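The values are calculated or read from the model by the stated rules, or taken from the named source; none is laboratory data. As the structure is a computational prediction, the values presented were derived from the model and not from experiment. Here the Cβ positions follow ideal geometry from the backbone for every residue, glycine too, while neighbour counts run over all protein chains shown.
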Amino acid sequence: MEGLVTQMMIAPADENRKHKKAFYFRVIAVCAVIYALIAHFIRSNVLRIGYLLAGMLEYSLTIKEKESLTLQLYSVARERFEISRGLFAWEKTWFSSALPPVPANILITAAGRGREAAALLDGGYSVDAAEPLRKFAIDCAVLPGIRDFFWADHDAVTQGAMSGSGPAAALKGRNYDAVIVGWGSLSHMISRDERKQFLKACHLLAPEGPVLISFFSHDVPPMPNARFLNLGRSAGRRIGRMRGVDAYFDPDDMLNWDAGFFHRFSEAEINALAGALGRRALFAASPYGHATLLPPAG
Ligand SMILES: C[S@@+](CC[C@H](N)C(=O)[O-])C[C@H]1O[C@@H](n2cnc3c(N)ncnc32)[C@H](O)[C@@H]1O
């Protein structure tokens, strides 16, 4: 009898606990589902807005404005391009096979905070560097052991090497053992002509040495045929006309919200650029588009 009473007292308490547990689970599950719905809504709309804006910017900005916007996007990018990150494995393999042995004088353009420069200085190279983004330049310019630093973009390097004017004027007449065009940065030159001129300047700066270029390749998929991208493009064309902007747009130019505007190069394009200088492009394997423009056989 006594046992039965105890059982009767325990049973409702157990039931109660079970109900409470199930109730809280339902509340938690509803919250999780609401969160997933909100996250999905935000993600897909952020993506749509991203496509809309990208399409609009493709057609409403001049090449110079695109290059300037690229630098502004770099200045707020999540990636910090820390010097301490050191060289990537592919860069170690590439540099060790393509660069002349130490001691050699190397110019690195688009050097960022100095990630590549610091590694080469450590390895005993003599390094000059250029970088246009002030936020990065202030770190690179004071790297221990660095020689000349130019607060200059690729166009300014071209101008300096060719005509001895502008922020990289001192480059005129220099003879480096190699030029390294900093990680991915050739792709940030949106103008075909300026790319050609810049590589010509690199060629003049290292007439007998290799020019190492890295770039976004056709491994990067093209922009999708997304509805919002196309909507943005037609708005961009109208804005471009209003602004008097020439609506030239290369389908291999793309916008990445972390790295700005970039051009995807095909191997044929790189070969043509190298050929125009009397050089041969030696392509490295994946994972990233990079090639050595070998000097004309002496
Ligand atoms: C991917 S980051 C690489 C930075 C550095 N080389 C590294 O690997 O840490 C690309 C660099 O290109 C620079 N850049 C962007 N547009 C440029 C341009 N038109 N001329 C020269 N540099 C540019 C950016 O400021 C940035 O430092």
| request: List every residue pair whose Cβ atoms lie under 6 Å apart, where the two residues are 6 or more positions apart in sequence or sit on different chains, the first residue falls within the range 137-162 and is in a strand (DSSP E or B), and the second residue, located anywhere, is surrounded by 22 or more Cβ atoms within 10 Å (Cβ to Cβ) and aromatic (Phe, Trp, Tyr). | output: none
| query | Regarding residue 177, is this residue away from the ligand (no atom under 14 Å from the Cβ), within 22 Å of residue 65 (Cβ to Cβ), out of contact with any His (no Cβ under 7 Å at 6 or more places or on another chain) and not aliphatic (A, V, I, L, M)? | reply | no
| said: Among the numbered criteria (1) at positive phi; (2) near the ligand (Cβ under 9 Å from one of its atoms); (3) surrounded by fewer than 20 Cβ atoms within 10 Å (Cβ to Cβ), which one does residue 75 miss? | reply: (1)
| query | If you go through the range 48-84, how many residues are of a type in the set (A, V, I, L, M, F, W, C), part of a helix (DSSP H, G or I) and within 30 Å of residue 113 (Cα to Cα)? | reply | 8
| Of the criteria (1) surrounded by fewer than 20 Cβ atoms within 10 Å (Cβ to Cβ); (2) closer than 15 Å to residue 52 by Cβ, which one residue 208 fails | (2)
| request: Starting from residues that are charged (D, E, K, R) and at pLDDT 95 or above, keep the ones in the range 198-227 and report whichever is nearest to residue 171 (Cα to Cα). | output: 200
| note | Of the residues in the range 189-219, those that are out of contact with any strand residue (DSSP E or B) (no Cβ under 6 Å at 6 or more places or on another chain), assigned to a helix (DSSP H, G or I) and not aromatic (Phe, Trp, Tyr) come to 192, 193, 194, 195, 196, 197, 199, 200, 201, 203, 204
| task | Report whether or not residue 130 is on the phi < 0 side of the Ramachandran plot and either touching a strand residue (DSSP E or B) at 6+ places or on another chain (Cβ under 6 Å) or within 8 Å of the ligand (Cβ to nearest atom) (or both). | result | yes
| note | Residues of the range 241-252 being within 18 Å of residue 219 (Cα to Cα) and surrounded by 12 or more Cβ atoms within 10 Å (Cβ to Cβ), in sequence order, are 250, 252
| said: Among the numbered criteria (1) part of a helix (DSSP H, G or I); (2) within 30 Å of residue 245 (Cα to Cα), which one does residue 132 miss? | reply: (1)
| Which members of the range 253-298 meet the condition of being modelled with pLDDT under 95, of a type in the set (D, E, K, R) and either exposed (fewer than 13 other Cβ atoms within 10 Å of the Cβ) or assigned to a loop (DSSP other than H, G, I, E, B) (or both)? | 258
| said: Kindly evaluate residue 35 against the criterion of being modelled with pLDDT of 95 or more, within 10 Å of the ligand (Cβ to nearest atom), in a helix (DSSP H, G or I) and of a type in the set (Phe, Trp, Tyr). | reply: no
| task | Among the numbered conditions (1) closer than 18 Å to residue 83 by Cα; (2) of a type outside the set (Phe, Trp, Tyr); (3) within 16 Å of the ligand (Cβ to nearest atom), tell me where residue 212 comes up short. | result | (1)
| Under 6 Å by Cβ, and 6 or more places apart or on different chains, what pairs join a residue from the range 123-136 that is under 15 Å from residue 177 (Cα atoms) and of a type in the set (Gly, Ala, Ser) with one that is near the ligand (Cβ under 9 Å from one of its atoms) and assigned to a loop (DSSP other than H, G, I, E, B)? | 129/111
| Where residues in the range 180-203 are farther than 23 Å from residue 125 by Cβ and more than 12 Å from the ligand (Cβ to nearest atom), which of them is surrounded by the fewest Cβ atoms within 10 Å (Cβ to Cβ)? | 193
| Among the residues of the range 90-117 satisfying the criterion of being buried (at least 20 other Cβ atoms within 10 Å of the Cβ) and assigned to a loop (DSSP other than H, G, I, E, B), which is farthest from the ligand (Cβ to nearest atom)? | 99
| note | Expected output for the range 221-247 (first residue under 17 Å from residue 44 (Cβ atoms) and in a loop (DSSP other than H, G, I, E, B), partner of a type in the set (Gly, Ala, Ser) and modelled with pLDDT under 90, Cβ below 7 Å, 6+ apart or cross-chain) is none
| Does the range 244-267 contain at least one residue that is in contact with a strand residue (DSSP E or B) (Cβ under 8 Å, 6 or more places away or on another chain) and of a type in the set (Lys, Arg)? | yes
